[in-house]
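Following: one structure in structure tokens, then a few remarks.
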Amino acid sequence: MAQIRVPDPVKLFVGVLTSLPSLLPEIEEELVSRFGAVDFRSGQLLFDFTDYYDSEMGTPIYRFFLSFARLIEPSEIAGIKVATNGIEGAFAEKHVEVPRPVNLDPGYLEQSKIVLASTKNFFHRILVSGGIYAEVTLHFQEGEWRAFPWSFPDYKSTAYQEFFSAIRKLYRTQLRGRG
């Protein structure tokens, strides 16, 4: 019989999409109040891979990534997605410049993969809890990030993969420090 093993904790990150980059400090403050200190930030990345969000968010849209110092249990991702949806709703009520001032995409990194949480079901997503699904978006093999046919085009970009490689190094250091 196979032994059930407790998984290693994973590294939480949140992808922030907004056409109002001046909101980033306020968004980060809210995320820090929920998930703890940020240990790595990406630069501002132009999000021009699709026009899917243009009508509700305005243009141009930018992506920012934040990773968090506190490691989480993988099972926490569903609750985190619910929390980030709540933050999105609060920002929509407070900042009426556009219908959707921010889109928050939480996920986690472990040594071999990137997992994203979603409220939308699809063939490659698995129900995690309470209407929240998860998908493996990238996997790390032979020293590089590799995409799947369903991986979002932006996640295939060099800039995103550089961010994930940087936080993967942080994560590996954190795991070694756990003894």
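Throughout, read-outs are computed from the coordinates displayed, never taken from laboratory work. Since we're looking at a predicted model, the values are computed, not measured. All Cβ positions, even for glycine, are placed from backbone atoms using ideal geometry, and neighbour counts span all protein chains on display.
Looking only at region 62-72, decide whether some residue is part of a loop (DSSP other than H, G, I, E, B) and either more than 30 Å from GLY177 (Cβ to Cβ) or within 15 Å of the chain's Cα centre (by Cα) (or both). No, there is no match, as no residue in region 62-72 is part of a loop (DSSP other than H, G, I, E, B) and either more than 30 Å from GLY177 (Cβ to Cβ) or within 15 Å of the chain's Cα centre (by Cα) (or both). If you go through region 149-167 one residue at a time, do you hit one that is in a loop (DSSP other than H, G, I, E, B) and of a type in the set (Ser, Thr, Tyr)? Yes. Kindly list the number of the only condition in (1) on the phi > 0 side of the Ramachandran plot; (2) under 15 Å from the mean Cα position of the chain (by Cα) that fails for TYR160. Here TYR160 clears every test but (1). Does VAL32 fit the bill of being among the β-branched types (Val, Ile, Thr), within 18 Å of VAL82 (Cα to Cα) and out of contact with any Cys (no Cβ under 7 Å at 6 or more places or on another chain)? So VAL32 fits the description; yes. The number of residues in region 88-126 that are of a type in the set (A, V, I, L, M, F, W, C), assigned to a helix (DSSP H, G or I) and either on the phi > 0 side of the Ramachandran plot or surrounded by fewer than 18 Cβ atoms within 10 Å (Cβ to Cβ) (or both) comes to 2.
Out of the residues in region 1-20 that are touching a helix residue (DSSP H, G or I) at 6+ places or on another chain (Cβ under 8 Å) and in a strand (DSSP E or B), which is surrounded by the fewest Cβ atoms within 10 Å (Cβ to Cβ)? The selected residue is LEU17. Residues of region 49-75 that are within 30 Å of TYR171 (Cα to Cα), out of contact with any helix residue (DSSP H, G or I) (no Cβ under 9 Å at 6 or more places or on another chain) and without any contact (Cβ under 8 Å) to a residue 60 or more places away in the chain: SER75 alone. When we screen LEU45, LEU31 for residues that are aliphatic (A, V, I, L, M), under 18 Å from PHE91 (Cβ atoms), surrounded by 11 or more Cβ atoms within 10 Å (Cβ to Cβ) and in contact with a helix residue (DSSP H, G or I) (Cβ under 9 Å, 6 or more places away or on another chain), the only hit is LEU31.
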